């Protein structure tokens, strides 16, 4: 990646009269349109001003964006120990399958008889996720983890409404260690958030939970392992308590990766769950998306899943074979929670996840979770003499330090994170979870080699030493990145959100 | 070990020893054995790349291959320069996380800033966010934004002419969020201004927003002149759902006085991919900036005074505000904003206009050929359209679509047995239209 930033914006390369695309010839000329009578396009329904977009030739544009890309750090560039984000390797074969020419051109309104292959892909992935999650059926429609959460909570509300308890059950219990998305999704879904405290060991305090449970509770949202990377041992008991008051258990799949090959949320008592395909199933994060957040439900809740829903017909119906072109169908169930997407979701992302599951297979999936945990534990054990480990014990795919052990020189978690950038690493997740003041959350994933981990450990130790011997260098980091620390306050106080605002301001 | 997992058995042994445990299973000693998987997943064994390709080829062969697409309904078969996919495939872009570390994410931040600029210009609005999942969710978010920015107003009026698939998502979000939705009836294929005036007259004090579309689901360009005054007189926000590419030619939401512009940007060269990923856009005025959902990128300077970009206005977002956030969205469509930014850079404003002109010309020729024998006609003959129209047929639409599919043509979207929605783009030729018209002639 660049040491010096490639600074230009495409608008600064624009020169009048250049263009980078030719339009195909249809063979239709105005002479062919004789006799067509249509309403004219009235002037006041046309664009009044001249649209300004860049005018660039293809080589200029390609060079611009290529140079821009080298300002960026990605998983292919280097190690990304970003806690709770599961930045594992994004296999290349997945990209090739997602771009398959026979899928890329399929219109979402294609009749099901002509889209059997695409529907089978959807079905195959959702059934594989059922086997991995211990669920009865998955919808792949949600576009991201956050939308998966929202969809899952809608399933839960639809379930309670079907039992005449829709108005009564409006509370969702969320641990204080949860991702901010959990309470935000609950609020968007029209639910009230009730926080349950964590014990000193980082797990949900069952004693604090008990008095919160009654017949006004719709669900409890949890992730397991939790955001500290700690397995919630009491999960069967918690599930029982929640079920006893008629509420449902929601599993936030953000931390599913360490459970691959080990355990299934469905077997722990969860009723509804989402999976981030861009975490556990290796689809690229793309600088923020597109993701995919399938939602699975246990038996009995399928009918509440959002429309459209993909179904598979049996091979025979009333003794007659079902034609191949009618094997898979799309249904709109009136009992469904409604729709959260106009289509069947981010299909090309689903294709990548399926390619990953096929490539790993049962044998590879059985290995993945344990290796992720091994890598995280190895880093934790190798650094806990330099960094403060507030909860020492078994942890899974990620863990949290509470900053440096020796904080005497005033070097913060932010400083450590920024100094890591100088050494060619992405920073860990910082200041989350909110349980500690100096949280530094590390998740290496299973695709990093021992050498990568050892080098990272050495650098982390060097930074801890440097924080004591030369704190100023750490506090002013990064020094070797394309840009230095940006002024966030200025950005928020005087927002400049477009190039037009930028040139007016300067 | 699988080829994606680098460890050798020796690595594992030595690492376990550093961790103070004897086996990989011991790392899970805290998990109740009753919860542990008792056997491997009931899935096939891992495949080599060739087998994976064969698997996908087999699936693909079960689709009926169509190389000509006259279906629209919000998603269009536009072309895309090869350079776009090539740039979007660069792993520095593809494998990056959300740009929380701006020092090593200027690439992502720069293209989002370019995207926000181009989208604001295209819609004629002052600002844009960094995108939302798709057009339907962008529209639902716009509805929630309108309610959140208005005190004590919880009703949104939605035109009957909005795409039913978008409407279903709006209704779902509204129902669970607790927003009341009322339909503004259509008259002759367009939003009834009289009905809207009446609704505002009856319940104007409760109306947070008015949501209309143009082009609407039937492809009709609606005349929204004066609509913003009507809405603003009742202190309601005007939300216009539109098709991104069309705005190079048609009146922009900004020009029409809209407060929020939203919709899908798939029309800017994004492959159809059986439904996604696409790109939802949401643009608004500076006044509503802090009520906007989703990520936003802003310009600033670093400690050395050089221009750079950051995620900004994060005080609106879920990771800071938790349940008080403007939305639960915590990502954008990252790579797809890059896709349409590169597309718009290469195609340019003139290119977009020419694509719209070419699409319209093909649509007019399609209409001419489809109606030549008098057995089909425009459903709304007096209404202007750009490249999509609703056709009434004397023959049955279902068999017509099936017959066309056998020739590799997706003829359109069946609305009912005698109504079909058809669209054209720059990608279909005279010969494609003639072939389809010939198939129609054989239908009864």
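Brief remarks follow.
- Within the set A:43, A:27, A:17, A:74, the sole residue that is more than 30 Å from residue A:447 (Cβ to Cβ) and in contact with a helix residue (DSSP H, G or I) (Cβ under 9 Å, 6 or more places away or on another chain) turns out to be A:27.
- When A:3, A:63, A:25 are checked against the criterion of being in contact (Cβ under 8 Å) with a residue 24 or more places away in the chain and more than 7 Å from chain B (Cβ to nearest Cβ), A:3 stands alone in meeting it.
- Check on residue B:119, touching a strand residue (DSSP E or B) at 6+ places or on another chain (Cβ under 6 Å) and not in a helix (DSSP H, G or I): no
- Any pair with Cβ under 8 angstrom, 6 or more apart, that starts in region B:111-123 at a residue that is under 18 Å from residue B:335 (Cβ atoms) and within 7 Å of another protein chain (Cβ to nearest Cβ) and ends at one that is at pLDDT below 95 and surrounded by fewer than 24 Cβ atoms within 10 Å (Cβ to Cβ): none
- Residue-level check: of (1) within 30 Å of residue B:250 (Cα to Cα); (2) more than 7 Å from chain A (Cβ to nearest Cβ); (3) assigned to a helix (DSSP H, G or I), residue B:87 misses just (2).
- Residue A:493 being without any contact (Cβ under 8 Å) to a residue 24 or more places away in the chain and either within 8 Å of chain B (Cβ to nearest Cβ) or surrounded by fewer than 20 Cβ atoms within 10 Å (Cβ to Cβ) (or both): yes
- Any hit, region B:418-433, residues being more than 18 Å from residue B:68 (Cα to Cα), part of a loop (DSSP other than H, G, I, E, B) and at the interface with chain A (Cβ under 10 Å from one of its Cβ atoms): no
- Selection within region B:291-315 - out of contact with any helix residue (DSSP H, G or I) (no Cβ under 6 Å at 6 or more places or on another chain), more than 9 Å from chain A (Cβ to nearest Cβ) and surrounded by fewer than 24 Cβ atoms within 10 Å (Cβ to Cβ): B:305
- Among residues of region A:7-26, those that are surrounded by 15 or more Cβ atoms within 10 Å (Cβ to Cβ) and part of a loop (DSSP other than H, G, I, E, B), counted: 9
- Residue B:138 vs. criteria in the same structural domain as residue B:164 (by TED's automatic domain parsing), part of a helix (DSSP H, G or I) and farther than 17 Å from residue B:346 by Cα: yes
- Flag for residue A:339 being touching a helix residue (DSSP H, G or I) at 6+ places or on another chain (Cβ under 9 Å), surrounded by 15 or more Cβ atoms within 10 Å (Cβ to Cβ) and over 18 Å from residue B:273 (Cα atoms): yes
- Filter result (farther than 23 Å from residue B:68 by Cβ and part of a helix (DSSP H, G or I)) within region B:339-379: B:339, B:340, B:341, B:342, B:344, B:345, B:346, B:348, B:349, B:350, B:353
- Scanning region A:371-416 for residues that are in contact (Cβ under 8 Å) with a residue 40 or more places away in the chain, surrounded by fewer than 19 Cβ atoms within 10 Å (Cβ to Cβ) and away from every other protein chain (no Cβ under 14 Å) gives A:388, A:390, A:405, A:406, A:408, A:409, A:410.
- One residue stands out in region B:186-204 among those that are part of a strand (DSSP E or B) and touching a residue at least 24 places away in the same chain (Cβ under 8 Å): the one that is nearest to residue B:234 (Cα to Cα), namely B:191.
- A single entry from A:289, A:296, A:300 fulfils the requirement of being out of contact with any strand residue (DSSP E or B) (no Cβ under 9 Å at 6 or more places or on another chain) and either closer than 19 Å to residue A:160 by Cβ or in a helix (DSSP H, G or I) (or both): A:300.
- None of B:419, B:371, B:425 is touching a residue at least 40 places away in the same chain (Cβ under 8 Å), under 27 Å from residue B:246 (Cα atoms) and surrounded by fewer than 22 Cβ atoms within 10 Å (Cβ to Cβ) except B:419.
- Those helices (runs of 4 or more DSSP H) of region A:115-229 in which 2 or more residues are within 12 Å of chain B (Cβ to nearest Cβ) occupy A:116-133, A:145-162, A:181-188.
The values are calculated or read from the model by the stated rules, or taken from the named source; none is laboratory data. Since we're looking at a predicted model, the values are computed, not measured. Note that each Cβ is placed from the backbone with ideal geometry, even for glycine, and that neighbours are counted across all protein chains shown.
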